[in-house]
Amino acid sequence: MSNTETSKELNRRLYNIVRACASLEDVKNEVFKNHDENRWWPLSIKDWRLRLVVAGWSSRISYRMISTYQRVVSEANKLGFDQMSVCSDEELVNIVKPLGLPRARIDYFRSVEQFLLQSGWTYETLVRSDNESLIKSFTEGVKGAGYKVAQCAILYAKGYHCGIIPIDSGMKDMLGPCLGLQLPKAPRAHEMMRIQIEKLVKENARQYHELAESLGYGSLDIPKDHAPTWWVHLVLIYFKRMHCNERAPFRCPLKFDPELGKFIGSMCCREQPQEGRYLQ
């Protein structure tokens, strides 16, 4: 099979996965709640520097804590990035303590602050630079920002539709291998999975736009002149949250799909995890 034929076949398979996940009502409900105005990364924050911070703070926040998290984000937004920079650590503790891990969250903020000073990043830097180099620089320059956090931070700072599909730990460790992606047991796997999926979605943007429309997502604000990477990200991550996190492979909707079922693994199984073969 030629490289072109292989790419087309891989896209057909990824398309079927996105179709199956996006067709589920529980996934669809969550995508509608978070696409146009994400509950974790609100549009009310205009300062791209504060968006870098808030994206990192969203790590390790469960849905049960969303109201608490939103109050903390609102308080940080009222103060603003510059005012927070002159706050003492004791003052910052009062802001982030409700989220837990206050020392780690303050250290992350201080590291972002120092990174921006040392790197000379501006908003224009974000606009004119490619996502890969931005993610690499942020990962290497900010304490507590591995690939996972860096992907989220750059996406939020640039805007939902900038072309990044963030990959969290569950997607890397369960969903990706279940689908057949060959990923190492290393942080770099976040980037490998992101790049593979993004490439296919961007090369076949029209198909994914048409898929979203056909499945009832047409009322969402999905820009026609951008590949719908934000939509695909939300479909996959909410499938992971609603189903993979249940760790019940015998209830996995993908296993009941006639196109996918026999190729899907069971990495969510604690006793006998098995990798899949569909995206190979």
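Just a yes or no: is a residue in the stretch 221-242 open to solvent by less than 40 Å² (accessible area, probe 1.4 Å), basic (K, R), touching a residue at least 12 places away in the same chain (Cβ under 8 Å) and farther than 27 Å from W48 by Cβ?
Yes; the residues of the stretch 221-242 include at least one that is open to solvent by less than 40 Å² (accessible area, probe 1.4 Å), basic (K, R), touching a residue at least 12 places away in the same chain (Cβ under 8 Å) and farther than 27 Å from W48 by Cβ.
Only residues that are in a helix (DSSP H, G or I), of a type in the set (D, E, K, R) and touching a residue at least 12 places away in the same chain (Cβ under 8 Å): list them for the stretch 19-39, please.
Within the stretch 19-39, R19, D26, K28, E30 qualify.
Checking R64 against (1) modelled with pLDDT of 95 or more; (2) closer than 22 Å to M171 by Cβ; (3) not aromatic (F, W, Y), which single condition isn't satisfied?
All conditions pass for R64, except number (1).
I'm told Q272 meets every condition in (1) part of a loop (DSSP other than H, G, I, E, B); (2) touching a residue at least 24 places away in the same chain (Cβ under 8 Å) except one. Can you identify the failing condition by its number?
So the condition that Q272 fails would be (2).
Pairs under 8 Å by beta carbon, first residue under 13 Å from Q280 (Cα atoms) in the stretch 5-18, partner surrounded by 15 or more Cβ atoms within 10 Å (Cβ to Cβ) and of a type in the set (S, T, Y), six or more apart or different chains?
Cβ pairs passing all conditions: R13/Y278.
Kindly state which helices (runs of 4 or more DSSP H) lie completely within the stretch 40-153 and contain at least 3 residues that are open to solvent by less than 20 Å² (accessible area, probe 1.4 Å) and under 21 Å from H190 (Cα atoms).
48-57, 131-141
Exactly one of (1) over 27 Å from W121 (Cα atoms); (2) in contact with a helix residue (DSSP H, G or I) (Cβ under 8 Å, 6 or more places away or on another chain) is unmet by K8. Its number?
(2)
The values are calculated or read from the model by the stated rules, or taken from the named source; none is laboratory data. Here the structure is a predicted model, which is why all the values come from computation and not from measurement. Heads up, the Cβs are rebuilt from the backbone with ideal geometry, glycines too, and the neighbour counts pull from every protein chain shown. Surface areas here come from the heavy atoms of the whole protein model, side chains and all, with no ligands, DNA or RNA. Shrake-Rupley method; radii C 1.70, N 1.55, O 1.52, S 1.80 Å.
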